[in-house]
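Colleague: If you scroll down you'll find the structure; I have some questions about it.
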Amino acid sequence: MRVLITKVTPWHPALVRLQWELEEVGESGDFTFEVERSGSPAGPWTTIVEDLVDTYTYDDTLNDAEAANTLSLIRDIYYRIRAIPPSGEPNAAYSPVMNLDGLTEHVMMPTEPGNPERPVPAATFEQPPLTNLYARPTSSEDTRRRLLKRALMRNMYLLLKRLNGVEFTLLKRRHFGTRCTVCYDTLTRTIMVSHCDTCYGTSWVGGYYTPIPIYARIVRGSNSNVQTGLTQHGKDDVDVVQIQTLDFPKIDEGDIMVAKYQNRRFLVKQRYNTSLKNIMVHQTLTASELSRVAPEYGIDAGL
């Protein structure tokens, strides 16, 4: 049994409409579904509705605080569906994670604390990246575009994993949750402490979501991109680089990329998309390396 999210539609001002379907169903009876939401494709996850019996759509109504953040153009929200067949919990399955742009994960994320196990589909060969095009092709042009996107994504994935890419960890910045009680002023709605070990300057407790392992490559080195700026401590050198990675997870301004083996941490400043007929294939990031004394080095990146 496979469950796939076929459509995610943000609906102004505070509604997200979801639709999903089952494939390779091997039993008959009533299927039950749960919808889970997070600000990161690696969790932690919040179950927003459960016990949906033979229901394949759901309207997620966001509260005011969530809508103001998650429907922003520079922030994101992620969904996944848990399907429970008539045979019960032991045979339950999760859908791939999908964001508001319809982008889906390439490989199932590993188990995170507090959630049931999510096994990666068994195979005797390298698993290719999934695409976000689950709609049935209606013409030969749609078919060619779908296959071309899949081929480009697979080639990029293999290039990063086996040739010129290295292992990174992505830290997705929090944009909703519990406000920091140490540095956040509720009256002025500003951060009062620049080096806060509770929220790391995000104003939300924890600062960042669960680390996400990804492959990426630095496409422009730092030899000629070191910029000098003035800070409260005097002059400071900022190492500016460009990093190229796959289209999922979507990386936004304020997220942190961590080079796994050197523990170098880069703050994302901008993102540029490479698209095929308006379908994103990969993304290029402009990022600045954080100083070794930055509070973000205190975040557990799962290295």
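Colleague: Restricting to segment 201-240, what's the tally of residues that are farther than 18 Å from Glu296 by Cα and modelled with pLDDT of 85 or more?
Modeller: Residues meeting the conditions: 5.
Colleague: Let me ask something else about it. For segment 66-82: of the residues being hydrophobic (A, V, I, L, M, F, W, C) and modelled with pLDDT under 90, which is surrounded by the fewest Cβ atoms within 10 Å (Cβ to Cβ)?
Modeller: Only one residue tops the list, namely Leu73.
One line per residue, one yes/no per condition, for (1) on the phi > 0 side of the Ramachandran plot; (2) modelled with pLDDT under 75; (3) not in a loop (DSSP other than H, G, I, E, B):
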| residue | (1), (2), (3) |
| --- | --- |
| Ala122 | no, yes, no |
| Gln127 | no, yes, no |
| Leu130 | no, yes, no |
| Lys149 | no, yes, yes |
| Leu170 | no, no, yes |
| His175 | no, no, no |
| Val182 | no, no, no |
| His195 | no, no, no |
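Colleague: Starting from segment 46-65, keep only residues that are without any contact (Cβ under 8 Å) to a residue 40 or more places away in the chain and surrounded by 14 or more Cβ atoms within 10 Å (Cβ to Cβ), then list their pairs with residues that are in a strand (DSSP E or B) and basic (Lys, Arg) whose Cβ atoms are within a distance under 6 Å, requiring at least 6 positions of separation or different chains.
Modeller: So the pair list comes out as Ile48/Arg37.
The values are calculated or read from the model by the stated rules, or taken from the named source; none is laboratory data. Since this is a predicted model, take the numbers as computed values, not measurements. Please note: Cβ atoms are built from the backbone with ideal geometry, for glycine as well, and neighbour counts cover all protein chains shown.
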